[in-house]
Amino acid sequence: MGSITLNKVSKVFGEANVIPSIDLEINNGEFVVFVGPSGCGKSTLLRLIAGLEDVSGGQIMIDGKDVTQAAPAARGLAMVFQSYALYPHMSVRKNIAFPLKMAKMDQSAIDKKVEAAAKVLNLTDYLERKPSQLSGGQRQRVAIGRAIVREPSAFLFDEPLSNLDAALRGTMRLEISDLHNQLKTTMIYVTHDQVEAMTMADKIVVLNRGNIEQVGSPLDLYKNPRNLFVAGFIGSPHMNFVDGAYAQSKNAKMAGIRPEHLGLSKDSGLWTGTVKVAEHLGADTFLHLDVDGIGPVTARAGGEFGAHHGDRVYLTPDESKLHRFDDKGLTIRA
Amino acid sequence: MATQNTKTLARAMMAPSVLLLLVWMIVPLAMTLWFSFQNYNLLDPTQTGFAGLFNYEFFYTDPAFFQSIWNTLVIVGGVLLITVVGGIAIALLLDQPIFGQGIVRILIISPFFVMPPVAALIWKNMIMHPGYGVLGDINRFFGFEPVDWFARYPLFSIVVIVAWQWLPFATLILLTALQSLDGEQKEAAEMDGANFLNRFIYLVLPHLARAITVVILIQTIFLLGVYAEILVTTNGGPGYASTNLAFLIYRTALLGYDVGGASAGGIIAVVLANIVAFFLMRAVGKNLDR
Amino acid sequence: MARSVTTKHKVIATIAAWVVALIIFFPILYTIITSLKTEPEAIAGFNLIPSFTLESYITVQTQRDYFTPFMNSVIISVGSTILALIVAIPAAWAMAFSPTKRTKGILMWMLSTKMMPAVAVLVPIYLLFRDFGLLDSRIGLTVMLMLINLPIVVWMLYTYFREIPGEILEAARMDGAGLWQEIVHVLTPMAVPGIASTLLLNIILAWNESFWTIRLSTTNAAPLTAFIASFSSPQGLFWAKLSAASTMAIAPILILGWFSQKQLVRGLTFGAVK
Ligand SMILES: Nc1ncnc2c1ncn2[C@@H]1O[C@H](COP(=O)(O)OP(=O)(O)OP(=O)(O)O)[C@@H](O)[C@H]1O
Ligand SMILES: [Mg+2]
């Protein structure tokens, strides 16, 4: 089991009110991703749940039990740190076995569990090595192994892949998703990587300055952002924002249109723009344009769309995919 | 790591060190301050009672007082000058690729491990002694009169000895800092057409600034209290020519048995050290921030 | 570095470095050589080849009893360092892993106690030692040197501990390690190298401390510093014996120092220079 409930949780560091007040419900077995800009309090929130920091106010419940005052180890959670936090003087085997040893499990049971975890994580050949003799991806797997063997009620990940290169990040992302499908244990995952958030999450929690901006499934956030912040944060490349006359014609303070919802043509369209930079990625082409009377706009074209610096192109926003915001930055529902 | 429990525990763990140092600082200092206003001579029990500023006046008007302060500054300044300049030069040399780097390092660091009285005795008898020292031998070889260093240039001789002891320390630290200078930076500067002198002034010296600060701070702490070197060689003389403040206070206290006077001197020394420390701590505090 | 180093450049640098190194080392070298000479040889002018006699060493031991001050030095320097470590380890640990706004201030203050001139408190310390019967006692000197080196010990340990990532200790706590298990299984193994070099360096500093050891001891507790200082007035033909005594006083720590020179930099600069 692993349902977690935050009840008006707040955290103050000295003068800084890092987390004013958060309510959040995490269901058993869910993969929840915390995203938000740097410094918004993602790690802090995770550490509050882990018990590594004391809350300044509010209540944390795990499986209906109040654990607000409980020690980290007593909460039955496992954490994977950004720096992996492996014990440098212990072999991989000892690292993975450490939580079991602390739980005073007997040696034969420990060995069995370590071997099993090593098998799942492809670490069997490396069990006798020290962490310093492993690659980044392998270290990450050891850290995960150390978390798995405890059979926690939930896993906490704090940007676990940020020290890996792009290719390895892709692989590890799949491995962690896979692990979640196998174990069906609650996972809370902190990242500021769009792709990780969109691809892994059952539920995304968008944080900004210690407040929750929106909670929802990835597609839900993509399609129905509640406000400007979420609209701008979710989606890559970012949504284009247009104010002024065009927005007013749509009865809004601000209009938003995603790069993939702009129709491109070489002959005719609503707007005219000059190509500043064309990024040809193969399947897609991203055009960074300067649109007359509007300013910089990013548009996605097919891989076949040939465009170069200085070309004039025409754009037409897909009105059905248009987002409208009022003067408070909230989405106007039709 | 910032739960309430850990904080309480942290305080408890720091307590012994902090308390010990607090007592160690306050008790003797308070006693010194107290004595400095008292008539107190170990040889003359009839002298008692409040002395007002007499002890300070006594110390202040002692002709040796200003000379000893001057000598203290000369020792600190002279040794710092020799060790920093010499240290940079030797460090630059050792930063070159050379054969036997390890042994050279060991030879150069050695004087730092020599206890001050031994260092002083070695220099006094083996090197600088006019009759049997090596320098005397060299002079005689070239047909010159040997120089009686400790009689003619007592303060300079002491500066030389102390500098010899601290040169390795400065060299080693500066060398370490030098070696952390990015090779690519040096190469980039070379590509930019900077010659050796330019590279030294604009690249190497700024990079060494932090290390130099550390050298100055740590050496000053020890140099203000140079004692054994003087005791073993000149015993402060001739006259007061090589008496620094530390040595003057020692003379007043344990040779003159004048507790009051020595305490007044001690307080003056504390004030001086604090003035020096104030500037040093500010400099180093900035430098140690990361 | 892709710079092509010419052999000529290397040879010149090597010669220059060796000349400098030998000049700096010469006083020590010549003392060792002289200690192996006979007394008449020692004062017979410059001569680098001794007759390799151990006569002076034997005389120093039999006439002046080298062994007692040597043991005093060992007991006082090792004892004071271990005492300082016992007090300093928890403090440094707390400062490194639970830093507060005041931590840096406390560290600076500790260092500033090193700045207090020893002479300033010579009188009260002397009188306190006299009144408590600690003059010329090993215990007194041990405590004294412990206090003197405590700030440096705390600082050094602090810089070593600070390099142990806090996340590792947090991981241990998530893994269910209590305070004691955290210390035994995680912290100690990671901290041992730092503690060892702190130990080594402070033994060296304590061994060479030459103010309090000379002033607060006379005979029974006199360590090698005081022993050597008593040779300051040369009586007669004395050079070889003086050299032998000097060599014996510095040899143990010189060797220890050679082995720990790498850590010396980090330790003594409190991690400020790497
Ligand atoms: N121990 C602390 N003391 C004081 N302020 C802190 C402390 N820890 C975090 N903060 C502050 O709290 C805010 C949130 O920090 P947090 O580490 O949770 O951000 P984050 O969302 O994880 O950022 P990132 O994506 O960069 O990791 C920051 O402004 C940070 O400066
Ligand atoms: Mg973070």
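The values are calculated or read from the model by the stated rules, or taken from the named source; none is laboratory data. Computed from a predicted structure; not experimentally measured. Backbone-built Cβ (ideal geometry, glycine too); neighbour counts: all protein chains shown.
Mind checking which residues of segment C:164-211 are surrounded by fewer than 18 Cβ atoms within 10 Å (Cβ to Cβ) and assigned to a loop (DSSP other than H, G, I, E, B)?
Within segment C:164-211, C:Pro165, C:Gly178 meet the criteria.
Given the conditions (1) aliphatic (A, V, I, L, M); (2) within 8 Å of chain C (Cβ to nearest Cβ); (3) in contact (Cβ under 8 Å) with a residue 40 or more places away in the chain, which single one is not true for B:Leu20?
(3) is the only condition that B:Leu20 fails.
Quick check on B:Val118: is it more than 8 Å from chain C (Cβ to nearest Cβ) and either in a helix (DSSP H, G or I) or at positive phi (or both)?
Considered against the rule, which asks whether it is more than 8 Å from chain C (Cβ to nearest Cβ) and either in a helix (DSSP H, G or I) or at positive phi (or both), B:Val118 comes out as no.
Here is a list of conditions, (1) crowded, with 20+ Cβ neighbours inside 10 Å; (2) more than 24 Å from A:Ala197 (Cβ to Cβ), and A:Leu262 meets all of them except one; can you say which number that is?
(2)
In segment C:146-155, is there at least one residue being surrounded by fewer than 22 Cβ atoms within 10 Å (Cβ to Cβ), more than 7 Å from chain B (Cβ to nearest Cβ), among the polar types (S, T, N, Q) and more than 22 Å from B:Leu272 (Cβ to Cβ)?
Within segment C:146-155 (the criterion being surrounded by fewer than 22 Cβ atoms within 10 Å (Cβ to Cβ), more than 7 Å from chain B (Cβ to nearest Cβ), among the polar types (S, T, N, Q) and more than 22 Å from B:Leu272 (Cβ to Cβ)), the answer is no, since none of the residues qualifies.
Show the residue pairs that are 6+ apart or on different chains and have beta-carbon atoms under 9 Å apart, the first residue being within segment C:127-138 and assigned to a helix (DSSP H, G or I), the second being of a type in the set (Val, Ile, Thr).
C:Leu127/B:Val259; C:Leu128/B:Val27; C:Arg138/C:Ile75; C:Arg138/C:Ile76
Across segment B:93-120, what is the number of residues that are of a type in the set (A, V, I, L, M, F, W, C), within 29 Å of C:Ser210 (Cβ to Cβ) and more than 18 Å from the chain's Cα centre (by Cα)?
6
For every residue, the table says whether it meets (1) within 16 Å of ligand 2 (Cβ to nearest atom); (2) part of a strand (DSSP E or B); (3) closer than 25 Å to A:Glu213 by Cα; (4) small (Gly, Ala, Ser).
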| residue | (1), (2), (3), (4) |
| --- | --- |
| A:Gly39 | yes, no, yes, yes |
| A:Leu45 | yes, no, yes, no |
| A:Leu52 | yes, no, yes, no |
| A:Ile60 | no, yes, yes, no |
| A:Ala73 | no, no, no, yes |
| A:Ser83 | yes, no, no, yes |
| A:His89 | no, no, no, no |
| A:Lys94 | no, no, no, no |
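Pull up segment A:4-34, narrow it to residues that are out of contact with any strand residue (DSSP E or B) (no Cβ under 6 Å at 6 or more places or on another chain) and either within 18 Å of A:Ser162 (Cα to Cα) or aliphatic (A, V, I, L, M) (or both), then point me to the one that is nearest to ligand 2 (Cβ to nearest atom).
The extreme case among them is A:Ala16.
When you scan segment A:96-117, how many residues do you find that are at the interface with chain C (Cβ under 8 Å from one of its Cβ atoms), among the aliphatic types (A, V, I, L, M) and assigned to a helix (DSSP H, G or I)?
Of the residues in that region, 1 qualify.
Search segment A:32-48 for residues that are modelled with pLDDT under 95 and pair each with any residue that is near ligand 1 (Cβ under 7 Å from one of its atoms) and of a type in the set (Asp, Glu) when their beta-carbon atoms are under 9 Å apart and the residues are at least 6 apart or on different chains.
Cβ pairs passing all conditions: A:Lys42/A:Glu159; A:Ser43/A:Glu159.
Can you name the number of the only condition in (1) more than 18 Å from A:Pro72 (Cβ to Cβ); (2) over 17 Å from the mean Cα position of the chain (by Cα); (3) in a loop (DSSP other than H, G, I, E, B) that A:Pro152 fails?
(1)
Residue under question is A:Ile176, and the condition is that it be within 23 Å of A:Met102 (Cα to Cα), under 20 Å from the mean Cα position of the chain (by Cα) and away from ligand 1 (no atom under 16 Å from the Cβ); does it hold?
The answer is no for A:Ile176.
So in segment A:203-232, with the set limited to residues that are surrounded by fewer than 19 Cβ atoms within 10 Å (Cβ to Cβ) and among the small types (Gly, Ala, Ser), which one is nearest to the chain's Cα centre (by Cα)?
Once the filter is applied, the top-ranked residue is A:Ser217.
B:Leu94: within 14 Å of another protein chain (Cβ to nearest Cβ) and closer than 30 Å to B:Phe169 by Cα, yes or no?
yes
Scan segment B:36-55 and give yes if some residue there is within 7 Å of chain C (Cβ to nearest Cβ) and surrounded by 15 or more Cβ atoms within 10 Å (Cβ to Cβ), otherwise no.
no
Within segment A:44-82, how many residues turn out to be closer than 18 Å to A:Thr191 by Cβ, within 16 Å of ligand 1 (Cβ to nearest atom) and within 11 Å of chain C (Cβ to nearest Cβ)?
Looking only at that region, the number is 6.
Results for (1) charged (D, E, K, R); (2) crowded, with 22+ Cβ neighbours inside 10 Å; (3) assigned by TED's automatic domain parsing to the domain that holds A:Lys104, shown as yes or no for each residue.
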{"site": "A:Pro152", "(1), (2), (3)": "no, no, yes"}
{"site": "A:Asp165", "(1), (2), (3)": "yes, no, yes"}
{"site": "A:Arg173", "(1), (2), (3)": "yes, no, yes"}
{"site": "A:His180", "(1), (2), (3)": "no, no, yes"}
{"site": "A:Lys184", "(1), (2), (3)": "yes, no, yes"}
{"site": "A:Ile188", "(1), (2), (3)": "no, yes, yes"}
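Would you mind finding the one in A:Gly137, A:Gly170 that is more than 16 Å from ligand 2 (Cβ to nearest atom), at pLDDT below 90 and under 20 Å from A:Ala85 (Cβ atoms)?
Going through A:Gly137, A:Gly170 in turn, just one is more than 16 Å from ligand 2 (Cβ to nearest atom), at pLDDT below 90 and under 20 Å from A:Ala85 (Cβ atoms): A:Gly137.
Under 6 Å between Cβ atoms, which residue pairs at least 6 apart in sequence (or on different chains) link something in segment B:37-66 that is over 17 Å from B:Ala269 (Cα atoms) with a partner that is not in a loop (DSSP other than H, G, I, E, B)?
From segment B:37-66, the pairs are B:Gln38/B:Gly260; B:Asn39/B:Gly260; B:Tyr40/B:Val259; B:Tyr40/B:Gly260; B:Asn41/B:Asp258; B:Gln47/B:Asn41; B:Ala51/B:Gln38; B:Ala51/B:Gly260.
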